[in-house]
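These notes concern the structure reproduced below.
The values are calculated or read from the model by the stated rules, or taken from the named source; none is laboratory data. Because the structure is predicted, anything quoted here is derived from the model rather than measured. Neighbour counts are summed over all protein chains in view; Cβ atoms, including those assigned to glycine, are modelled from backbone coordinates with ideal geometry.
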Amino acid sequence: MLTIAPKGTKDVLPDEVYKWHYVERAFADICERYGFREIRTPDFEHTELFKRGVGDTTDIVQKEMYTWEQAKRSLTLRPEGTSPVVRAFVEHKLYAEAQPSKYYYNIPCFRYEKPQSGRLRAFHQFGIEVFGTNNMMADAEVIALGHDFLQEMGITDIELRINSIGCPNCRSKYREVLKDFLRPKYDCLCDTCKSRFDRNPMRILDCKSPEDQELVKDAPKMLDHLCDECREAFEELKADLDAMGIPYVVDPGIVRGLDYYTKTAFEFVTTAIGAQGTVCGGGRYDHLSEELGGPPIPGVGFGLGIERLLITMEASGKEIPKPAGADAFIVVMGDAARKEGLALMRKLRGEGLKVEMDDMGRNVKNQFKYADRTGATSAIVIGDTEIEQQVVSLKDMESGEQVTIPMDEIVSALMERRGQ
């Protein structure tokens, strides 16, 4: 049926879109305060970008990507934001600039998964990325931005959980320890986890199956098998977070769902929307640039789902202010007044004022009713007498007070009422 949106998508209607504007402006503002610049990438990329970046053992690549063939090329709608930003960073040789490079983005993403509250097939994501530094201060700064943004959005029932998932050196040794633990349980694992056993056993720890979660609850922890470099980096991260006064919990169970992560992994988790859910998550990815064919460039960042953010804000009792109505609604009496009203409306809009006028042919009484429904703060009344005397009647829609002022003073009068 053409009158129903595709499953897993959602319209943002005019009565709700102001909430999106609010969080979008707030996110751009805090990113700029932190020294991040906006970057925009295409909505689709070559499929190989995500296979190599995200990892071909992930649910995203195995089950969730929207992929098609076009002119003998495989293309995929963007399922996440980091890989495209790294691709753009490498392609345009932005690494030749002074480092670190700090970017933010506000993008639509697409994943074929089971739709549920705050998780859609066509969804939207805020994200930030920092390139060019191995210093754990960058990780702490990324986490601090996420913490401060969520606080500013009125979300207080939230917990920061951090972990280290090591580097390729210590992780390869840990994988063998993990496989030794999982081997006796192999026959009880789901088919997906069985396929990951040899190639990427750590992904088994991230399986959403309750049965598999029970099987791995006592699995050895990566934190106990870190090399000296990774252990020192994790201690440095904790020290930096302590210095900034950001509370956290060390959670060895966080491995994140994407293969490119190294060392730092973190999530902001809330129970405000019922079952425990991740509102924001990210980490470090020091080898993704090389994996995509670029030079060795360390990176760290996070992704934050906008739909889930708005649901969490509502559950937390955050009131997003509705935008003010029009500065004025022009009420006209007669055809001559209508023409005068059109000219005045164009003039006022040119001055930056929000002005509306009836285009349904309503009578005067219904024009006032409609003006009230639109939330206009003032009504400008024009009739034959007003045209003859070059004045207008200006009515305050809240108090009902009405005054007559010269036509050429209407701009300053409306500006004064607006508070400018």
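For residues that are free of Cβ contacts under 8 Å to residues at least 24 places away in the same chain and under 10 Å from the mean Cα position of the chain (by Cα), tally how many sit in segment 104-137. Outline the logic, then answer.
As a first pass, look at segment 104-137 and keep what is free of Cβ contacts under 8 Å to residues at least 24 places away in the same chain: 114, 116, 135.
Now narrow it down to the ones that are under 10 Å from the mean Cα position of the chain (by Cα): none.
Number satisfying all stated conditions: 0.
When you go through (1) in contact with a Lys or Arg (Cβ under 7 Å, 6 or more places away or on another chain); (2) more than 14 Å from Cys31 (Cβ to Cβ) one by one for Met153, which number turns out not to apply?
Status for Met153: all satisfied but (2).
Can you tell which of Glu416, Glu398 is surrounded by fewer than 19 Cβ atoms within 10 Å (Cβ to Cβ), under 26 Å from Pro14 (Cβ atoms) and without any contact (Cβ under 8 Å) to a residue 60 or more places away in the chain? Let's see the steps before the verdict.
Values: Glu416 fails: under 26 Å from Pro14 (Cβ atoms).
Every option except Glu398 fails the conditions.
In this structure, is Pro247 farther than 20 Å from Met222 by Cβ, at pLDDT 95 or above, part of a loop (DSSP other than H, G, I, E, B) and of a type outside the set (Val, Ile, Thr)? Let's see the steps before the verdict.
Details: farther than 20 Å from Met222 by Cβ: yes; at pLDDT 95 or above: yes; part of a loop (DSSP other than H, G, I, E, B): yes; of a type outside the set (Val, Ile, Thr): yes.
Spelling it out, Pro247 is indeed farther than 20 Å from Met222 by Cβ, at pLDDT 95 or above, part of a loop (DSSP other than H, G, I, E, B) and of a type outside the set (Val, Ile, Thr).
Can you tell me which of Phe50, Phe44, Phe27 is touching a residue at least 60 places away in the same chain (Cβ under 8 Å), surrounded by 12 or more Cβ atoms within 10 Å (Cβ to Cβ) and either on the phi < 0 side of the Ramachandran plot or of a type in the set (Ser, Thr, Tyr) (or both)?
Numbers: Phe50 fails: touching a residue at least 60 places away in the same chain (Cβ under 8 Å); Phe44 fails: touching a residue at least 60 places away in the same chain (Cβ under 8 Å).
Of the residues listed, the single one that is touching a residue at least 60 places away in the same chain (Cβ under 8 Å), surrounded by 12 or more Cβ atoms within 10 Å (Cβ to Cβ) and either on the phi < 0 side of the Ramachandran plot or of a type in the set (Ser, Thr, Tyr) (or both) is Phe27.
Table: residues versus (1) out of contact with any Leu (no Cβ under 7 Å at 6 or more places or on another chain); (2) over 19 Å from Glu314 (Cβ atoms).
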{"site": "Ala138", "(1), (2)": "yes, yes"}
{"site": "Leu150", "(1), (2)": "yes, no"}
{"site": "Asp157", "(1), (2)": "yes, no"}
{"site": "Leu160", "(1), (2)": "yes, yes"}
{"site": "Ser164", "(1), (2)": "no, yes"}
{"site": "Pro168", "(1), (2)": "yes, yes"}
{"site": "Lys173", "(1), (2)": "yes, yes"}
{"site": "Val177", "(1), (2)": "yes, yes"}
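If Gly317 satisfies every condition in (1) at pLDDT below 95; (2) closer than 21 Å to Ser117 by Cα; (3) not in a loop (DSSP other than H, G, I, E, B) but one, which is the exception?
(3)
Might you let me know whether segment 290-308 holds any residue that is surrounded by fewer than 23 Cβ atoms within 10 Å (Cβ to Cβ), charged (D, E, K, R) and closer than 16 Å to Val54 by Cβ?
yes
Closer than 20 Å to Glu307 by Cβ and not in a strand (DSSP E or B), is that true of Tyr112? Give the steps one after another, and end with the answer.
Numbers: closer than 20 Å to Glu307 by Cβ: yes; not in a strand (DSSP E or B): yes.
So Tyr112 fits the description; yes.
Considering only residues that are closer than 18 Å to Lys365 by Cα and not aromatic (Phe, Trp, Tyr), which ones fall in segment 307-335?
Kept after step one, since they are closer than 18 Å to Lys365 by Cα, are these residues of segment 307-335: 328-335.
Within segment 307-335, Ala328, Ile330, Val331, Val332, Met333, Gly334, Asp335 qualify.
For residues that are β-branched (Val, Ile, Thr) and outside any strand (DSSP E or B), tally how many sit in segment 373-416. Quick ask: steps written out before the conclusion?
Initial filter on segment 373-416 (β-branched (Val, Ile, Thr)): 374, 377, 380-382, 385, 387, 391-392, 403-405, 410-411.
Remaining after also requiring outside any strand (DSSP E or B): 374, 377, 385, 387, 410-411.
Summing the residues that are β-branched (Val, Ile, Thr) and outside any strand (DSSP E or B) in segment 373-416 gives 6.
Please enumerate the residues belonging to segment 89-107 that are among the hydrophobic types (A, V, I, L, M, F, W, C) and outside any strand (DSSP E or B). Explain how you work it out, then say what you get.
Step one: of segment 89-107, the residues among the hydrophobic types (A, V, I, L, M, F, W, C) are 89-90, 94, 96, 98, 107.
Those that are among the hydrophobic types (A, V, I, L, M, F, W, C) and outside any strand (DSSP E or B): Phe89, Val90, Leu94, Ala96, Ala98.
Are any residues in segment 1-24 assigned to a helix (DSSP H, G or I), surrounded by 10 or more Cβ atoms within 10 Å (Cβ to Cβ) and out of contact with any Lys or Arg (no Cβ under 8 Å at 6 or more places or on another chain), and if so, which ones?
As a first pass, look at segment 1-24 and keep what is assigned to a helix (DSSP H, G or I): 14-24.
So of that shortlist, the ones also surrounded by 10 or more Cβ atoms within 10 Å (Cβ to Cβ) come out as 16-24.
Listed by number, the residues that qualify are Glu16, Val17, Lys19, Trp20, His21, Tyr22, Val23, Glu24.
Taking segment 225-239 only, how many residues are without any contact (Cβ under 8 Å) to a residue 24 or more places away in the chain and among the charged types (D, E, K, R)?
Of segment 225-239, the ones without any contact (Cβ under 8 Å) to a residue 24 or more places away in the chain are 228, 232, 235, 239.
If we keep only those that are among the charged types (D, E, K, R) too, we end up with 228, 232, 235.
The total comes to 3.
Could you grab me the full set of residues in segment 61-98 that are among the polar types (S, T, N, Q), touching a helix residue (DSSP H, G or I) at 6+ places or on another chain (Cβ under 9 Å) and closer than 13 Å to His46 by Cα?
The initial filter retains those residues of segment 61-98 that are among the polar types (S, T, N, Q), namely 62, 67, 70, 74, 76, 82-83.
Restricting the remaining residues to those that are touching a helix residue (DSSP H, G or I) at 6+ places or on another chain (Cβ under 9 Å) gives 62, 67, 74, 76, 82-83.
Within segment 61-98, Thr67, Ser74, Thr76, Ser83 meet the criteria.
Quick one: in segment 63-88, of everything that is of a type in the set (A, V, I, L, M, F, W, C) and in a helix (DSSP H, G or I), which residue is surrounded by the fewest Cβ atoms within 10 Å (Cβ to Cβ)? If you could, list the steps in order and put the result at the bottom.
To start, the set of residues in segment 63-88 that are of a type in the set (A, V, I, L, M, F, W, C) comprises 65, 68, 71, 75, 77, 85-86, 88.
Cutting the leftovers down to in a helix (DSSP H, G or I) gives us 85-86, 88.
Values: Val85: 26, Val86: 25, Ala88: 16.
For segment 63-88, the residue satisfying everything is Ala88.
Exactly one of (1) in contact with a Ser or Thr (Cβ under 7 Å, 6 or more places away or on another chain); (2) charged (D, E, K, R); (3) surrounded by 15 or more Cβ atoms within 10 Å (Cβ to Cβ); (4) closer than 28 Å to Phe89 by Cβ is unmet by Glu141. Its number?
(1)
Among Asp242, Asp228, Asp212, which is of a type in the set (D, E, K, R), exposed (fewer than 13 other Cβ atoms within 10 Å of the Cβ) and farther than 30 Å from Phe149 by Cα?
Just a single option satisfies the conditions, and that option is Asp228.
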